[in-house]
Structures are given as C-alpha cells and as structure tokens.
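The values are calculated or read from the model by the stated rules, or taken from the named source; none is laboratory data. Just so you know, these numbers come straight off a predicted model, no measurement behind them. Ideal geometry is used to build each Cβ from the backbone, glycine not excepted, and the neighbour counts take in all protein chains shown. To get the accessible areas, we keep the full protein, side chains included, count just its heavy atoms, and leave off ligands, DNA and RNA. Shrake-Rupley method; radii C 1.70, N 1.55, O 1.52, S 1.80 Å.
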Amino acid sequence: MRQGAPDLNTQDEKQHFRGAEASFAAQAELDELLLPLHVSRGVIAVERLEMRTASTWYSRSRLWVVGRIQEEIAYRQDFLFVPVFIAAGVALWFGLPVTPSRWFLLALVLGVASLAVGFRHRPGLTTAILKAAALLGLGMLLADWEARRAGTIILDTPVTTTIVGTVERRELDALGNWRYLVALSSTSEPKIARAPQTVSLVSRSSHDAIPIGGAITGKARLSPPSGPALPGLNDFAFAAYFNGIGATGYFYGPPKAMPSKVEEGNAGFWLEQADSWLYTLRSGIAQRIRHIIGGDAGAFAASIVTDERRAISGETMEALRVSGLAHIVAISGLNMALAAGIFFIGMRSAFSLFPGFSQRRPVKKISAFAALLMTLCYYLISGFAVSAERAWLMMSIMLIAVLVDKPSISLRNVALSALVIIVLSPHEVMGPSFQMSFAATLALVSSYSFWSRWRGERERFVMARPPLWLSLASKAGTLVAGVIVTSLIGGISTAIYSIEHFHRITTYGLAANLAAMPVMSLVVMPFALIGMLLMPFGLDAPFLKIMGYGMAVVIDIAKTVSSWGGDETIGRQNGWFLAISTSGFLLIALLRTRLALIGLPFIAAGFAMLVIEQGRSRPDLLIYEDGSLVALLTKDAVATTKQRASGFVYEQWARAVPLPDLHIPANMLATTRSSDEKEADGKRPRLSDQDKIRAAEEMQAAFTKADVFTCRKDSWCAARSQEGATIAVIFDSTLTAMACDVAKIVVTTRRAPFSECHSGAILFSQDVLRRTGSLELWLGDDARPVIHANAAMEGSHRAWTMHRAYEWRSDRYETTLPLPIERILSPNR
C-alpha cells in the first residue's frame, strides 16, 4: 500500500460510526411513529382514546412528557440514573440522625426489590418508583456496610501519652515538618483503655525521618479529630472515621526509631509489604521532584505527580484557591487526561514513522493499551485520592472502549466510573472531591455530546488545502476556544458545590485558567511524563527542571489573578440547597430531550434559596467545640477572645456566617506577679480566695464595656453584649463557680465540678461542649440571656460521633444534656 494512503483503521472507524448513527436515527424515528402503540423495552404505554381526546392543556402536557420519557428510554438514558439513585440512598443514610436497623433496612429493600421485579413487565409510573426506591435502599445498605466495615475507634478526650507503633505513611509539609500516620501498638503513661488503631502525628523537631514500615515511639499529645466549626459545616471526624484515623496530634520532641518486629508467613504480611513498598516509592518520587526543582514550584510539581500537597506553602495554596486554579493541585481528570492523551498521541506518532507496521497492525489499540498501563502506574503512585480514582476509572473505561471499538467519551462511561466508586467507597459521595469532580466531568461530557449532535446535523464548509497561516490560526482558535469553553463549563458546574462546602466562589477563574492551561498542556505535563519515564535511568533532571519552570509560571499566574480579588464569600446555605440544585443540574446534564428543561425550575429554586439565605439573621455569639475561641458579633464588627483574626476555625466562621470585616481584639490586662507564678512542676498554684475576689471584680469592670472581650491570660475573658447579656469564658476551672455568680453565660474549657450553675447562669462546660459541638447563640437581655441556640452535633448519634458521648471514668456513653442546655436548644418544647 502506498505511503500516502489513509489509515484503514480510521476509515473503518468512520464507517462503523456512520452506520451506527443511521441505525439509531432510524430506530428513533420508528419509536416516534409508534408512540401510542409501542410498549416494548419498558416504554410507557399510552391509550389511543387519550390521544384522540387530548384537548386540554393538562392532557397535552402529559402526553408531551410521556413522549419525551419514552424517547429518553429509547436512548437508554435510564441507566445514567442508576448511580444517581444509589448515591441519593447513600446520602440519605448518612444524613439520618441515628443509625437505622440493618435487618429492618435489608427486609425493606428486599421487599421493594421483589415488587420491582414483579412489576418489570408492567411499564408505568409505579414500576419506575419501585425501581428508584430499590436503588435508594441499595445505596443505604452500601453505606451501612461501609460504616460497619470501617469500625474505627475514635479517641474520646485529649490525652498526653507515650506511643509505640509502626509508620504507615509519612509526608513533608511546607515548614519542613514530618507528618506520620502511625498504626499504634501500645500506649503508656497513661495507657489508653479505648485506644485508636491509627493516629496522625506531626513532628516539629529536627530528626532523621523514620522510614515507612519502621517502628516509632515518642511522647505525644493526642486529640480527637475536630468536628464542625459551626452547625452545617464540615465534620472532620467523618472523613477520619472512614479513613481509619482515630486521633490527631503532635510529638513532644523528636520521635525515636525502634527495631521493628517482622512477622512473615501470612497473606496480610505480603499485602502490607506491597503497600509499604508502594508508599515508599511514592514518597521517594516526591522527594526527588522537590529536590530537583525546589521551592513551591517543586512542591507543586510533586503534588500533581504523587498528590503530596502539604509541602506547598499556605500563601501559594491560598493564591491557587482564590484564582480558581486549586483543581490543578489534585490529581484529577485534567492531569490524568493530559498524561494519557500525551502518551497515547506520542505512541501513535511514533508508530506513524513506520508506515508498513502501522498499516498491518492495530496501532491505535496498541497505543490505547500502553496508555492504559501508564494510567495504572500513575494511579498507583497518586495516593489513591478519590479524584485520582475517579480520573483513573474514567480514563481506563475510555481506553478500554477504544480497545473494543466503542465510543470512548460518553455519559455511560461517567456513570460506570461513578457506580464503581459509590460501591467501593460510599462515604465519598458526601465529600466535595467526589461531587465537584463528577459534576465537572458530567457537565463537560454532556456538553460535548450535545455539541457533537448539533455539529453533526449541520453542513460545514471544509477547505481541501488551506494555507498554512489559516491552518495555524484555526488550530490556535480551537485551542483558545476549548480552554474558554471548558473553563466556563467546569466553573459553572462546580459553583453549586463550591458554595455549599467552601461558602465562596471565584470570579476570575476563567482568566486564570485561560492563562495557565496552555502552560500545563504544552510544558508541564509533557515534560513531567518524559521525566517520569526516564527517572529509573537517572536521566529525569533536565526534563523535571523544565517542568519546574512551567509550575513557577502557573504559580505566578495564580498570585497575579488572586491579587485582583474576586474571592466572593457567600455564606452557609439552606439545608435543601444542595439537594435541590443538584437535582436540577443532573436533570439538565443527563436528559437528552427537551425534558431536560424541567431542571431549570430546580436551579431557580436553589438560586432563590441562596438569595433568601443572605437575609438570614446572624447569630450573636459563636462558641467553638472546645471553648478555645468565642466570638461576639455586632452588625459591623466581631470581638473574639483572641488578639488576632486568624486561624483555621476563625477562617471557617468568616466564610460561613459571614463575619464582619472589622475585628476587635481581646483587651489583655497587664499580668500580675501572682498570675505568672508557677510551682516546681510547672503548674500554676491554686488561686486563693483573694485571687477569686479580684477576678470577680475585674470581670464586673469588664462588663461595663459592650461588645469587647477583656481577658486575663490563661485565666478568663469577659464581655457584655449590646442587649445586656454577660459572657464569661473560663480557662481555670477554679474560677467556674465564681463566674456563675457574676455572668449569665459561662463557657469553660475545663471539666467543671458541677453540670449546672446554682445561680441560674447557663453553663457550657467541657463535657457539654463535647456532646453539643460548636454552638451559635442568639442573645437576649439580662433577664433572658439566650433566646435560642443551634448545636453542630445536636441529635447526632452515629458511629463517627459517639466518641463524644463516651465517659472513660464510668466506661459508658452519656448522651443526655443538662436541662438548661436542652431548653435553649429546643425553645418551643
């Protein structure tokens, strides 16, 4: 065959798709013709009499909807809703305040599924409802199964102890500190009776890093994973429970390595060895990339290869978030698609240099199989994040579709990858990573499908031999238009979830992506791929250096765009905002006919909720779950018990409430000699009666100033609201009784000797805050200091929250709250 002949594989492929398209169009026309009579393939039947008498608006609308549903089923769109209903069942199970009975749930699902099977030959609304209910039940069973399988023991109270364990993971952060994931073997001084299996600890002391799989010991401060900073915010204990992490904390001083005991001979050992080897390889690759490139560019480069992100400085991460480029940091569809696409095209281009071989062999399938292996290797060193898992599944399904001569970009492939993740890790449905990654992918694939159909229905002018300048201009225009369109679609589709989870949106994301994507596509990913392929031979440094230059350019773009502002704070949303907006988005993205327009009212309802929520009254007082931070709000300012408006908790409050821009720092009283004195063991001496009297007088003086906290270091803080409610925050438990006598609201960070104040003041002790979590209060006057309160953990008794109710002294779970707290949480009861 002559060299200039067209590729036979390409011709066969085009002929195959044209034939399939013609066949499908003919079938669709036949379905439309037989609409009143056609009842096969589960299509809803319509009586002929109703067709004749359809004169009213309702009847015509009903028939139109029935016809569109029939058309959707003819296009096999019903399969796309299978993962949707299963995910809805998962979300429903996780959203319940208590865990339902597993056996009752199983019996209910089996009953509904049996009815759905029995009605499978009776197409209609009843059958569709039964199928949806069965899928919802299946999702609930999957969530229940995962929660029972995890079985993570979460630490109940903070404790300082000596730990001994094995390093399972390690990662370097931006300050050069090592964070270890340690599988605990034992604890001592004191021994924890209900010890977690795995803890995450950071070491801020200089030491030789302990290798993965090595034994480690040291004195550490352990704390339970933090809960929501306010009602409706992210519960970090939820993710920790399903990741198997029962506590977080830090080492006192450098940890020490210990001789490790190796137990061979079982399958678990070999799996652990393989897992340790894989994570050691990942850590080694990340360290080499950071060493060769250096700085934030090196940390950024390591993150898109191995997903180790902690080494990126906070300044750079914030710039990436504000500019709308944070999605580049995670190993997601962009990174995986660029890597697989570059490798696939590179393989085919290499084969084209040998025309004889290319014409005799299916080089497209060979390239697809090689790219499939490459994406698997990429996934194995990525740390198994959900975004990487979703991207790998999507790319694998697409490449397998090429191997079996099926369309590679389709909504069915998106649905299949979602189904796999939901079955294997149902809890991921609740996280922003799953929601945002699938929303962006679904929107892009749905838009591509719509554009392909629209483009195929129109005649196009094609020039046989265009001039070089016109060809280059056309390709450049296609590239720019592609970046603009994909950035718009991705930004709009993920805006719902950015508002829900992060309470903000970025307004200049389009400009940042337009500038950064060509750098990522043409410089960063190609040279990263070449560098990784040459790393085993030690020839990777020049290519990684070029990759680093590209990463530095992306960081500069992020910082430039973030300096423009554009980070709009939205605040918390109504509890139904996510469900209603997501329903509208899914209807628009998944339905192929004009029936998709019914998603618009849902989107409009979500937008209306967003607007209405802006007028919601803000709370007057915010209390963090351990009492370490308390904020008093007014219309124009916020006063806190800290002197700086910073910290992770404050930032969450600022976005969720949102807080006023003006921060009033705590007025710190000058320290006295007695307040600085310490005993020989480093502890403060017990306060005398005179000290307590002086503290009471100082608090009374502090109450004369409204909307500002006056504090005595490590002892107390006091403030008065504009309405007259007095607040005391106690850091020394010996002052609790006195505070009950002088203030109407008492918050203590220590365990109190009593559960209620005899004076009638409302006491939020350490035990109460553990059970309620963070609080928001609406204040009244001195006679009724608290009108109403919301608690982050109110009524929640799930596996990832029950550690809050555990009392180690009595070895039992205590879920009841003092009566005054119950009253303000339920004022109408």
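Largest accessible area first, the listed residues 449, 206 line up as 206, 449 when surface is computed with a 1.4 Å probe on the assembled protein chains. Accessible area per residue for the chain, computed on protein heavy atoms with a 1.4 Å probe, is 51 Å². Taking every C-alpha pair closer than 8 Å and separated by at least 6 residues, the mean separation divided by the residue count of the chain gives a relative contact order of 10 percent. Just name one of 728, 797, 749: the one whose Cα is farthest towards the positive end of the charge dipole of region 716-829 (beta-carbon charges, Lys/Arg +1, Asp/Glu -1). Positive-end residue among those listed: 797.
Taking label positions 7 Å along the Cα-Cβ direction at both residue 360 and residue 239, the computed distance is 5.4 nm, reported to one decimal. Take residue 160, project a point 7 Å from its Cα along the Cβ direction, then tell me which residues of region 204-235 have their backbone nitrogen under 13 Å from it. So the set is 219-222. Measure nothing but the geometry: give the 0 to 90° angle between the long axis through the Cα atoms of 525-534 and the longest principal axis through the Cα atoms of the chain, rounded to 10°. So the inclination is approximately 90 degrees. Taking all protein chains together, 618, 823 sort by accessible area into 823, 618, largest first [probe 1.4 Å]. Computing Rg and Dmax of the Cα atoms in Å directly from the structure and comparing it against [x] 30.7, 104; [y] 28.4, 93; [z] 26.7, 89 singles out [x]. Helix 386-403: angle to the longest alpha-carbon principal axis of the chain, degrees 0 to 90, nearest 10? For 386-403 against the chain, the angle is about 10 degrees.
About its Cα centre, the dipole of the chain is roughly 1760 debye, where the only charges are +1 on Lys and Arg Cβ and -1 on Asp and Glu Cβ.
Cross-linked pairs 635/692; 635/744; 642/705: Cα-Cα separations exceed 25 Å for 635/692. Annotation: amide H-H contacts under 5 Å for residue 204 (H modelled 1.01 Å from N, sequence separation of 5 or more, or interchain): 251.
Available extension along the chain between residue 813 and residue 662 is 50.2 nm, counting 0.36 nm per residue and deducting the alpha carbon span. Cut-off 13 Å, label point 7 angstrom out along Cα-to-Cβ of residue 275: give me the residues of region 319-335 whose amide nitrogen falls inside. Inside the label zone: nothing. Helix content alone sets the calculated 222 nm mean residue ellipticity of the chain: runs of n ≥ 4 DSSP H residues at -39500 (n - 2.57) each, divided across all residues, give -16500 deg cm²/dmol. In the chain, the DSSP beta bridges split such that about 75 percent are antiparallel, to the nearest 5. Unpaired cysteine residues in the chain (no second Cys Cβ under 4.7 Å): 377. Atom-type composition of the exposed protein surface of the chain places 61 percent of the accessible area on carbon and sulfur (1.4 angstrom probe). Once the Cα atoms are used to define both axes, helix 314-323 deviates from the longest principal axis of the chain by about 50 degrees.
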